[in-house]
Amino acid sequence: MHPEQGSPFDVIIIGAGFAGLYGVHQAAKAGLNVLGLEAGEGVGGTWFWNRYPGARCDVESVDYSYSFDEDLQQSWAWTERFAAQPEILAYINHVADRFDLRRHYRFNQRVTAATFDDDAAVWTLRTESGHEFRSQFVVFATGCLSAPIKPNIPGIESFAGEELFTARWPEEGVGFAGKRVGVIGTGSSGIQVAPIIAREAEALTVFQRSANFSVPVPNRPWTDAEQSEIRATYRQRRENSYYAPAATPHRSLQTKALELTAEERARALEDRWNGGGVLFNKVFPDQNSDLAVNELVREFAVAKIRAKVDDPAVADDLIPYDHPIGTKRICTDSGYYEMFNRPNVSLVNLRREAIEEVTPTGIRTADRFIELDTLIYATGFDAMTGALLRIDLHGAHGARLGDLWADGPVTYLGFGIPGFPNMFSVNSVGTPSVMANMVLHSEQQLDWVLALVEHCRAQGIRKAVARAEAAATWTDHLVEVAEGTLFVKADSWYMGANIEGKKRVFMPYIGGFDNYRRYCDEERDNGYPSFELTA
Ligand code: N01
C-alpha cells in the first residue's frame, strides 16, 4: 500500500539521526506500524549534514555510540578515541543496514507542516515535495542543532566566489589550494574547520565576533589492549553512564575546588585539559556555579592560549572576556590557536573592526577590504527550538506552536507540549540533550516516548497530552536550576542569544542527565500523571 493512502501509521518519527533511527528500530521491533521521514537523502542527522573537514565528536567514541545491542557494541571497533565525522557517519550507516532500518524511511521528505485533527486523533504531516502522511503519534527527532542560520550582513547575496556552510558541506569535498578563504564564525565548527583549511589555502582570514575557549583534542588510535578492555567491560561502562550527569562514565571531582590544595587543583586542571573533549568543563563540581572557581579555571585556559600564540596581541584577541569559561559550549580543536602563527593566517576581530558589507569579491570591514575566493559560514544554528518552529505546527483546535512559544518554549520534560496531543519532541528544549552524551540520551528519550505510546495502545487511549500545569512547573524548574549556575550570564545559543528577537531563556535542563532520567522514570512508573489521557 502506498504510505500516503490507507490507514494512518501508528507512529511517524521525523529524523534519521541517532534518535530517529533508534526510535524507528524500537517501534518496528514492538510491532508498531512506523514510518520514518528524513529531509536528507541519507541517514546520519547532524553527521550527515556537517561533513566539513575537521568535524570530530568531543565525546569519546566508545561512549558516543549505541548501547542497546550488545552484539553491535561488541562488533564495532572504533579506531580513534574521538571519532571523526566520516567514521561516525559510517557507523550510523552500518546500524541502518544491520537492522534494516532504511525500509521504514522515506528520504528527501522535509516536513514543512503538521496538523492535528482532534476528532480523529490523527496527525497529518506535509512535506516540501507535497506528500502527506498521517499517523496517530508523531515524534520529532529533528535535532537541536539542525536549523542553520545565515547571517544578515549587507551585500551577502552578492558574493560571486564560492560560498560554503559548515552545516551543509558538499559531500564531494572542497579543495582550497591557491585560494583566499574567509571563515565567519568561531564556535565549535569554525574552530575545527579553520586549521585544516589553513594547511592548504593560500590565505585564510578568520572573522571573529566572539572569542571562544577551546581545548585541544588529544586524539589517537585506540590500542588493541584498550579495545579488548573496553569490550570486556562495556556493560559496566554503560551502567556507569545511564544515571550519570553527562551520560558518560566521567564525572567531575567530588571535592569543591577551594577545598583542594593549590597543587591538587593545578594537577586536576592539567589532567582534564590533557584528557580533552568537553570534560574540561567538569573539572570541579562548583566551576559552573561559583565565579571565583570559574575564574581559576579560566586563568588556566588563558595561560594555555597565551603559550600557544606567538603574537601577544593576537593571543589577546583570541581570549574571551565576555563570559565565564564553559558557559558557552567549550570547543575542541586540533591546532586552532597554533594556526595563527602561520604566515598565511590572519584574524579579524569584528568587535574592533566590524564587517560593513560583503561584495562580489570579498569583505569590507570598517578598516579594510579583504579579497576572497571562498567564503565559509560557520555561523551556527537556531538551536533547540528552530527545527520545530520552522515547521507550520498546529495542535488541537488549530493552536499554533509559534504562538504558544512566543514568550519562550514550554514543555513537560521536553517531551510533551500542552495543546499538542500525541506529539513528542525528543532531544530538545527542556531536556539535558546538548549537555550530555547525545547517543545514550537518544536511547533514553525514545524508550520513554515509545513506552508511553505502548501504554496508550494497551489501555485504549486515543490521546495523550501534557498537562499545562505540569509543563509550567517543569519550565519554571528549568529556569530555577539554570539560575543557580553561571550559564545564564553568557550570550550563548543555549540562551537563544544568537538569534535576534528570540526569547532569552536557558533552554536545556542543566540539572544532570541522572536527575532528569529519574524524573522521567517517576512519571512513567506512576502511570503518566502529568499527561491527560483520553480513551
Ligand atoms: O555554532 P556557534 P557552531 N557575524 O553558534 C558567529 C555543536 N558542535 O556550529 O558568538 C560574525 O557555536 C558567532 O559569533 P557570536 C556544539 O554544541 C559540536 O560552531 O554569536 N559572526 C559564533 O562565533 C556547538 O556549540 C562539535 O558572537 C557571526 C559562530 O558564528 C554547536 O554545535 C562541532 C555572525 C557560531 O558559533 C554550534 O557550533 C561542531 C555574524 N553575523 C558543532 N553570526 C563537536 O562535537 C554568527 N556568528 C566538537
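The values are calculated or read from the model by the stated rules, or taken from the named source; none is laboratory data. All values reported here derive from a predicted model rather than from experimental measurement. Virtual Cβ from ideal backbone geometry, glycine too; neighbours counted across all protein chains shown.
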Inside the stretch 27-42, can you point out the residues that are over 10 Å from Ala16 (Cβ atoms) and assigned to a strand (DSSP E or B)? Val34, Leu35
Let me spell it out: the conditions are (1) modelled with pLDDT of 95 or more; (2) in contact with a strand residue (DSSP E or B) (Cβ under 6 Å, 6 or more places away or on another chain), and Phe280 meets all of them except one. Which number is the exception? (1)
So which of Thr205, Thr142, Thr166, Thr186 ends up being under 19 Å from Thr359 (Cβ atoms), among the hydroxyl-bearing types (Ser, Thr, Tyr) and modelled with pLDDT of 95 or more? Thr205
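What about Thr361, is it among the hydroxyl-bearing types (Ser, Thr, Tyr), within 16 Å of the ligand (Cβ to nearest atom), surrounded by fewer than 22 Cβ atoms within 10 Å (Cβ to Cβ) and closer than 30 Å to Ala198 by Cα? Walk me through it before giving the result.
Details: among the hydroxyl-bearing types (Ser, Thr, Tyr): yes; within 16 Å of the ligand (Cβ to nearest atom): no; surrounded by fewer than 22 Cβ atoms within 10 Å (Cβ to Cβ): yes; closer than 30 Å to Ala198 by Cα: yes.
The answer is no for Thr361.
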Any residue at all in the stretch 466-487 that's within 30 Å of Asp322 (Cβ to Cβ), touching a Cys at 6+ places or on another chain (Cβ under 7 Å), within 16 Å of the ligand (Cβ to nearest atom) and not assigned by TED's automatic domain parsing to the domain that holds Arg251? no
Output for Cβ contacts, cut-off 7 Å, separation at least six or different chains, first residue touching a residue at least 24 places away in the same chain (Cβ under 8 Å) and within 12 Å of the ligand (Cβ to nearest atom) in the stretch 49-70, second charged (D, E, K, R) and part of a loop (DSSP other than H, G, I, E, B), reads Arg51/Glu171; Glu60/Arg81; Ser61/Arg81
Can you give me the number of residues within the stretch 36-48 that are buried (at least 24 other Cβ atoms within 10 Å of the Cβ) and away from the ligand (no atom under 15 Å from the Cβ)? 4
Only one of Gly395, Gly414 that is at positive phi and more than 14 Å from the ligand (Cβ to nearest atom): Gly414
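Please state which one of Asp316, Asp322, Asp310 is outside any loop (DSSP other than H, G, I, E, B), surrounded by fewer than 22 Cβ atoms within 10 Å (Cβ to Cβ) and not basic (Lys, Arg). Give the derivation first.
Details: Asp322 fails: outside any loop (DSSP other than H, G, I, E, B); Asp310 fails: outside any loop (DSSP other than H, G, I, E, B).
Matching residue, one of Asp316, Asp322, Asp310: Asp316.
For the stretch 192-215, how many residues are within 12 Å of the ligand (Cβ to nearest atom) and in contact with a strand residue (DSSP E or B) (Cβ under 9 Å, 6 or more places away or on another chain)? Steps first, please.
Step one: filter the stretch 192-215 for residues within 12 Å of the ligand (Cβ to nearest atom), giving 192-194, 206-215.
Restricting the remaining residues to those that are in contact with a strand residue (DSSP E or B) (Cβ under 9 Å, 6 or more places away or on another chain) gives 192-194, 206-209, 211-215.
The qualifying residues number 12.
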Under the condition of being over 20 Å from Lys282 (Cα atoms) and within 13 Å of the ligand (Cβ to nearest atom), which residue from the stretch 496-522 is surrounded by the most Cβ atoms within 10 Å (Cβ to Cβ)? Gly496
Looking at the stretch 16-26, can you tell me whether even one residue there is surrounded by fewer than 23 Cβ atoms within 10 Å (Cβ to Cβ), closer than 16 Å to Asn219 by Cα and not acidic (Asp, Glu)? no
When the stretch 204-236 is checked residue by residue, the ones that are surrounded by fewer than 18 Cβ atoms within 10 Å (Cβ to Cβ) and touching a helix residue (DSSP H, G or I) at 6+ places or on another chain (Cβ under 7 Å) are Pro218, Arg231, Tyr234
Does any residue in the stretch 343-361 that is closer than 24 Å to Glu200 by Cβ come within less than 6 Å, Cβ to Cβ, of a residue that is assigned to a strand (DSSP E or B) and away from the ligand (no atom under 13 Å from the Cβ) six or more places away or on a different chain, and which pairs are these? Asn344/Ala203; Val345/Leu204; Thr361/Glu371
